[in-house]
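*Asks:* After the structure tokens below, expect a handful of questions from me.
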Amino acid sequence: MKTVQQELNLFQPSSFEEISRARNIPKLTITFKKRLRKSWHLTINADNHKTATLPYLLKDAPEEIKEAVLDWAALVKPRLTRKRKAYYLQKRKLEKAVWQYLEEQGVAFKQKRVINPDTFTHNTKGIIYDLKELFDSTNQRYFKGKIQSFIRWGSYASKTSYQSYFNDQHGGKQNLITIAGAYNHPKLPEFAITGVIFHEMLHIVHPRYKKNGRNVIHGPEFKKAERMYPFRDKWYRWERENMYKIIRSLRRKKPGYSKL
Ligand SMILES: [Zn+2]
């Protein structure tokens, strides 16, 4: 009989309702939306009742993934700023587990999909720097505050920063800057992280174009404009001398980490 039960658990994982009942989680409603693929969101109404809206795919997810979703929904943002670091770390960890599952289910990362921009406003605070604060000050200093974009951290120890677009729920096209997770490190000097943010913002001002059938990403205009940043050379040099070491140390700290 034991075998049968194990099989049942494997092939028919408990539903969200069953798990939240078993774990005694009050004031939480789970709903599913066909249009959601890789994102999900949480709304909280006046009497603190939470509603999590999830991609359909999660309906049949394994129990540990459902538990991660429920833990995520139960997280409460601490009032005290100094207590928020643990909150954000936990939040990111849970989100990563769910994303990883969705990715394994064939949900493409690159696909243009509708995203609620709120998804990105909670992913700006790092170990030392808040990307949103640096973005705003860089925007004021070098771009007269004219650049509109969301900004977020990339995954843990990732090396690539990039600029992309997404469609919001109202049919608008939004800019999104992703800063490589490797820059989220206590040794990162401000001129270096700001350099990266400045560089990605410049991509919004000078979008890539085609010339003789080739994609020009960092064309002469781009390179000239990059000189507006007074610490450009210092930042480049610092990167050459330190970034590789930082990435290596980050990967060592996380055993079993192999993804790029
Ligand atoms: Zn670039």
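The values are calculated or read from the model by the stated rules, or taken from the named source; none is laboratory data. From a predicted model like this one, the values you see are computed outputs, not experimental measurements. Using ideal geometry, Cβ is built from the backbone for each residue, glycine included, and neighbour counts are taken over all protein chains shown. In case anyone asks, the SASA skips ligands and DNA or RNA and just uses the protein heavy atoms, side chains included. Shrake-Rupley method; radii C 1.70, N 1.55, O 1.52, S 1.80 Å.
*Asks:* Can you tell me which residue within the range 150-168, out of those that are within 16 Å of the ligand (Cβ to nearest atom) and surrounded by fewer than 16 Cβ atoms within 10 Å (Cβ to Cβ), is farthest from K253 (Cα to Cα)?
*Replies:* If we take residues in the range 150-168 being within 16 Å of the ligand (Cβ to nearest atom) and surrounded by fewer than 16 Cβ atoms within 10 Å (Cβ to Cβ), then Y165 is farthest from K253 (Cα to Cα).
*Asks:* Now a separate question. Could you check the range 209-233 and list, in sequence order, the residues that are more than 19 Å from G195 (Cβ to Cβ) and of a type in the set (S, T, Y)?
*Replies:* Hit for the range 209-233 is Y209, nothing else.
Okay, residues lined up against (1) out of contact with any strand residue (DSSP E or B) (no Cβ under 7 Å at 6 or more places or on another chain); (2) at pLDDT below 85:
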residue	(1), (2)
S155	yes, yes
I177	no, no
H185	yes, no
E190	yes, no
V196	no, no
H206	yes, no
P220	yes, no
R227	yes, no
R232	yes, no
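*Asks:* Follow-up question, since we're still on this one. If you scan the range 126-149, which residues turn out to be within 16 Å of the ligand (Cβ to nearest atom) and in a loop (DSSP other than H, G, I, E, B)?
*Replies:* I147, S149, listed by residue number.
*Asks:* Do you know which of the residues in the range 234-260 that are at pLDDT 90 or above and among the hydrophobic types (A, V, I, L, M, F, W, C) is farthest from G195 (Cα to Cα)?
*Replies:* I246
*Asks:* Which residues, counting only those in the range 21-54, are open to solvent by less than 70 Å² (accessible area, probe 1.4 Å) and part of a loop (DSSP other than H, G, I, E, B)?
*Replies:* I25, L36, K38, S39, W40, H49 - these are the residues of the range 21-54 that are open to solvent by less than 70 Å² (accessible area, probe 1.4 Å) and part of a loop (DSSP other than H, G, I, E, B).
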